[in-house]
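Asker: First, the structure itself, so that you have it in front of you.
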Amino acid sequence: MNYQDILGSCSETTVGQLVSRCPQTLDVFRKYVPEIEAHRLTTVDIVASIADVEPKRLCQELFDTVMEKSPIEELDTDVLLELILRGYDAGHMAKLPEIHRLARKIEAVHRANPDVPKGITLAIKKLEHTLTDHIERENAYVLKRMEHDQPPNPDTPIAQMNEEHSLIKRQLDKLRQMTRNYRAPESACRSWQRFYRELKALDFRLSEQMYLEREVLFPRFQF
């Protein structure tokens, strides 16, 4: 999980917004800017600039503090939904077309190389199709019914979502097998190496999201 998933963009999230969510972050801010109370409308990245500290370092400390005080299992439902919709789903939809283009390029340019996983482009396309359909159904028929901790609805197709997660996991397993767990051969060009890095990152983020939904979010709405 990235700190942006919880904090939001550090160029947009203000000190006041973060402190209202997790009061303990005020101590982190004070460590770098003692007069931080005068900067409640200031964004986190500007605070980092004032303190002459790397924004990533400050954001990571803030993230660690938030997660220590509010474990992922205890996050409010609406915070989890925001994380799923804007953190995970939006990220997957932005990355998949790029990964598909890289797969096509690698399979075309290196078609004579025996290390190229044959059929990888088609496998990526199938995952893209499966995931797009799944996200549309999940958002329309499941997540919207969970906003603001609405009472559990017996018609919410949670079991179907878990079945679709199992299908996605099988597709990810196939990609791992085809790519030898995303290990590029020594002869791989930069595009090939990047393709495997992006695919591995997608696998990790998808697996992380499915865990959050299956083990943290969905049980709150099951009978």
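The values are calculated or read from the model by the stated rules, or taken from the named source; none is laboratory data. Since this is a predicted model, take the numbers as computed values, not measurements. Cβ placement follows ideal geometry from the backbone for every residue including glycine, while neighbour counts extend to all protein chains displayed.
Asker: If the Cβ limit is 9 Å and pairs must be 6+ apart or interchain, which residue in segment 1-15 that is surrounded by 20 or more Cβ atoms within 10 Å (Cβ to Cβ) pairs with which residue that is part of a loop (DSSP other than H, G, I, E, B) and modelled with pLDDT of 75 or more?
Answerer: 6/75; 7/13; 15/33; 15/40; 15/41; 15/42
Asker: Which members of segment 161-218 meet the condition of being among the β-branched types (Val, Ile, Thr) and over 24 Å from residue 140 (Cβ atoms)?
Answerer: Result: 179, single match.
Asker: When you go through 119, 91 one by one, which is the residue that is in contact with a helix residue (DSSP H, G or I) (Cβ under 7 Å, 6 or more places away or on another chain), surrounded by fewer than 19 Cβ atoms within 10 Å (Cβ to Cβ) and small (Gly, Ala, Ser)?
Answerer: Within the list 119, 91, the selection yields 91.
Asker: OK, next. Which ones in segment 192-223 are more than 20 Å from residue 148 (Cα to Cα) and either among the acidic types (Asp, Glu) or touching a Leu at 6+ places or on another chain (Cβ under 6 Å) (or both)?
Answerer: Within segment 192-223, 195, 198, 203, 208 qualify.
Asker: Restricting the search to segment 171-195, which residues are part of a helix (DSSP H, G or I), out of contact with any Lys or Arg (no Cβ under 7 Å at 6 or more places or on another chain) and over 19 Å from residue 88 (Cβ atoms)?
Answerer: Result: 173, 174, 176, 177, 178, 190, 192, 193, 194, 195.
Asker: Can you find, within segment 202-212, the residue that is farthest from residue 102 (Cα to Cα) among those that are in contact with a Phe, Trp or Tyr (Cβ under 9 Å, 6 or more places away or on another chain) and of a type outside the set (Lys, Arg)? Walk me through it before giving the result.
Answerer: From segment 202-212, those in contact with a Phe, Trp or Tyr (Cβ under 9 Å, 6 or more places away or on another chain) are 203, 205-206, 208-209, 212; that's our starting set.
Now restrict to residues that are of a type outside the set (Lys, Arg): 203, 206, 208-209, 212.
Details: 203: 16, 206: 19, 208: 23, 209: 24, 212: 29 Å.
Among those residues, the one meeting the criterion is 212.
Asker: Here is a further query. Select from segment 159-188 the residues that are basic (Lys, Arg) and either over 26 Å from residue 119 (Cα atoms) or free of Cβ contacts under 8 Å to residues at least 12 places away in the same chain (or both) and write down the one among them that is surrounded by the fewest Cβ atoms within 10 Å (Cβ to Cβ).
Answerer: 170
Asker: Follow-up question, since we're still on this one. Residues in segment 27-42 that are out of contact with any Leu (no Cβ under 9 Å at 6 or more places or on another chain) and surrounded by 15 or more Cβ atoms within 10 Å (Cβ to Cβ): how many? Lay out the reasoning, then the answer.
Answerer: Just the residues of segment 27-42 that are out of contact with any Leu (no Cβ under 9 Å at 6 or more places or on another chain), to begin with: 27, 30-31, 33-35, 38-42.
Okay, now just the ones that are also surrounded by 15 or more Cβ atoms within 10 Å (Cβ to Cβ), so 33, 39-40, 42.
So the count comes out to 4.
Asker: Condition check: assigned by TED's automatic domain parsing to the domain that holds residue 80, on the phi < 0 side of the Ramachandran plot and among the hydroxyl-bearing types (Ser, Thr, Tyr). Does residue 182 satisfy that? Spell out how you get there, then give the answer.
Answerer: Numbers: assigned by TED's automatic domain parsing to the domain that holds residue 80: yes; on the phi < 0 side of the Ramachandran plot: no; among the hydroxyl-bearing types (Ser, Thr, Tyr): yes.
Criteria not met by residue 182.
Asker: Could I ask something else about it? Sort out which residues of segment 74-120 are within 26 Å of residue 140 (Cβ to Cβ) and among the acidic types (Asp, Glu), and write them in order of number. Steps first, please.
Answerer: Taking segment 74-120 first, the residues within 26 Å of residue 140 (Cβ to Cβ) are 75-100.
Correct list: 76, 78, 82, 89, 98.
Asker: Continuing with this model, one more query. Residue by residue through segment 60-117, note down the ones that are of a type in the set (Lys, Arg), under 21 Å from residue 172 (Cβ atoms) and either touching a residue at least 24 places away in the same chain (Cβ under 8 Å) or outside the structural domain of residue 203 (by TED's automatic domain parsing) (or both). So that I can check it myself, show each step before the final result.
Answerer: Within segment 60-117, the subset of a type in the set (Lys, Arg) is 69, 86, 95, 101, 104-105, 111.
Filter once more, so that each one left must be under 21 Å from residue 172 (Cβ atoms): 95, 101, 104.
If the condition is that a residue be of a type in the set (Lys, Arg), under 21 Å from residue 172 (Cβ atoms) and either touching a residue at least 24 places away in the same chain (Cβ under 8 Å) or outside the structural domain of residue 203 (by TED's automatic domain parsing) (or both), then 95 is the only one that fits.
Asker: To continue, here is another question. Mind listing whichever residues of segment 147-161 are touching a helix residue (DSSP H, G or I) at 6+ places or on another chain (Cβ under 6 Å) and either in a helix (DSSP H, G or I) or closer than 30 Å to residue 108 by Cα (or both)?
Answerer: Across segment 147-161, the qualifying residues are 149, 158, 161.
Asker: Sticking with this one: Residue under question is residue 156, and the condition is that it be within 17 Å of residue 175 (Cβ to Cβ) and either touching a residue at least 60 places away in the same chain (Cβ under 8 Å) or in the same structural domain as residue 181 (by TED's automatic domain parsing) (or both); does it hold? Working first, answer last.
Answerer: On the way: within 17 Å of residue 175 (Cβ to Cβ): no; either touching a residue at least 60 places away in the same chain (Cβ under 8 Å) or in the same structural domain as residue 181 (by TED's automatic domain parsing) (or both): yes.
Judged against the criteria, residue 156 is not a match.
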